[in-house]
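Input: a single structure, listed below in structure tokens.
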């Protein structure tokens, strides 16, 4: 796809956010209501096929355009970016590691939004420590039988399929060598949503605990057709996920900054706009600097991904910095707005509640720091 068309799509998303998302987000979020109408419009914009290759019906966008789209959606309401992220992580795994049959069966329907996917990786006892998962997949004739439970799964209720990580060899050493990925389509036997989880922020989107109770999955849905490849497959996809989460942090940070700098010029105190008071100026300067740095780090990681280069360090850095910057910016925006920033009728309190998700999602920031350190050490041997 050419750059001009990429720009047109980003602009179309910006208009969608200003016209449709921002006016509706507050009520939907406070009611914790799934945004069916907005999801339908995202389907019409082609966003469920954003990074899916054009020959499978997707838009084939560059990752830098994808990151800008996710930032725009998050500027309006961060939860919308979550609907897209989990879906496109699954699509990325299939597009880059699936068999040709799997690509033809799943990707066109995923690109149109007819099928909506998610990533079933985390378990109640295993978050960032992926290789400690306990869900098993046992081959039985033409099927695998999956058993286990997954936690914090996005798109579990309103999606139609999940990329499920399971151990085909629970005794493998090292443990990650026994993990495989499966494209699991929902049917009347499962996967079963056992409960919807209540959250501080990131509302309006289904985040669920999921049960797989001796669920038969066709062997043809083993992604890539070979056992033991799942850890490598999901780690490559999480680079995309971390770029997404970093871009979300940029979008929420942008919304918080916009609210703060606008309010600071309108509100007067002691005879002049509060933007003319040094204490407020220092906060605005810090917010603007963090926001610009976060944008550049996200674009740097996305450019490396577009070039086909490994970007685990760059994506980790972007996710770590942007999410921490977002948390600081949303708190500072609340301080600039004072009492109004604390009120539910203004969106700043929502930005503040949404910000922690980016510090936890796609691997905690503490894990990101370890990934970054190990990567830097590997790149700079003595």
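The single residue among 310, 242, 262 that is in contact with a helix residue (DSSP H, G or I) (Cβ under 8 Å, 6 or more places away or on another chain) and either part of a strand (DSSP E or B) or over 16 Å from residue 67 (Cβ atoms) (or both) turns out to be 310. Do we have residue 60 as crowded, with 16+ Cβ neighbours inside 10 Å, in contact with a strand residue (DSSP E or B) (Cβ under 7 Å, 6 or more places away or on another chain) and touching a residue at least 12 places away in the same chain (Cβ under 8 Å) here? Criteria not met by residue 60.
In segment 198-221, the residue that is surrounded by the fewest Cβ atoms within 10 Å (Cβ to Cβ) out of those that are part of a helix (DSSP H, G or I) and touching a strand residue (DSSP E or B) at 6+ places or on another chain (Cβ under 7 Å) is 219. Is it the case that segment 311-319 has a residue that's surrounded by fewer than 16 Cβ atoms within 10 Å (Cβ to Cβ) and under 23 Å from the mean Cα position of the chain (by Cα)? Within segment 311-319, not a single residue is surrounded by fewer than 16 Cβ atoms within 10 Å (Cβ to Cβ) and under 23 Å from the mean Cα position of the chain (by Cα).
Do we have residue 171 as without any contact (Cβ under 8 Å) to a residue 40 or more places away in the chain, over 28 Å from residue 69 (Cβ atoms) and either assigned by TED's automatic domain parsing to the domain that holds residue 63 or buried (at least 22 other Cβ atoms within 10 Å of the Cβ) (or both) here? No, not satisfied. Out of 355, 333, 369, one residue alone is part of a helix (DSSP H, G or I) and either within 15 Å of residue 79 (Cβ to Cβ) or outside the structural domain of residue 289 (by TED's automatic domain parsing) (or both). It is 355. Among helices (runs of 4 or more DSSP H) entirely within segment 1-89, having at least 3 residues that are outside the structural domain of residue 199 (by TED's automatic domain parsing) and more than 22 Å from residue 109 (Cβ to Cβ) singles out 3-16, 22-30, 63-76.
May I ask you to verify whether residue 224 is over 19 Å from the mean Cα position of the chain (by Cα), over 17 Å from residue 71 (Cβ atoms) and either in a helix (DSSP H, G or I) or at pLDDT below 95 (or both)? Here the answer is yes, as residue 224 does meet what is asked. In segment 127-179, counting only strands (runs of 3 or more DSSP E) that sit wholly within it, the ones holding 3 or more residues that are under 25 Å from the mean Cα position of the chain (by Cα) span 143-154, 161-167.
Screening the candidates 378, 322 for the property of being in a helix (DSSP H, G or I), modelled with pLDDT of 95 or more, out of contact with any strand residue (DSSP E or B) (no Cβ under 6 Å at 6 or more places or on another chain) and crowded, with 23+ Cβ neighbours inside 10 Å yields one hit, 322.
Among all residues of segment 246-258, there is none that is in contact with a strand residue (DSSP E or B) (Cβ under 8 Å, 6 or more places away or on another chain) and either crowded, with 20+ Cβ neighbours inside 10 Å or outside the structural domain of residue 141 (by TED's automatic domain parsing) (or both). Could you tell me whether residue 326 is under 22 Å from residue 287 (Cβ atoms), touching a residue at least 12 places away in the same chain (Cβ under 8 Å) and assigned by TED's automatic domain parsing to the domain that holds residue 273? Yes; evaluated as a whole, the condition is true for this residue.
The values are calculated or read from the model by the stated rules, or taken from the named source; none is laboratory data. Fair warning: this is a prediction, and the values are worked out from it, not measured in the lab. Virtual Cβ from ideal backbone geometry, glycine too; neighbours counted across all protein chains shown.
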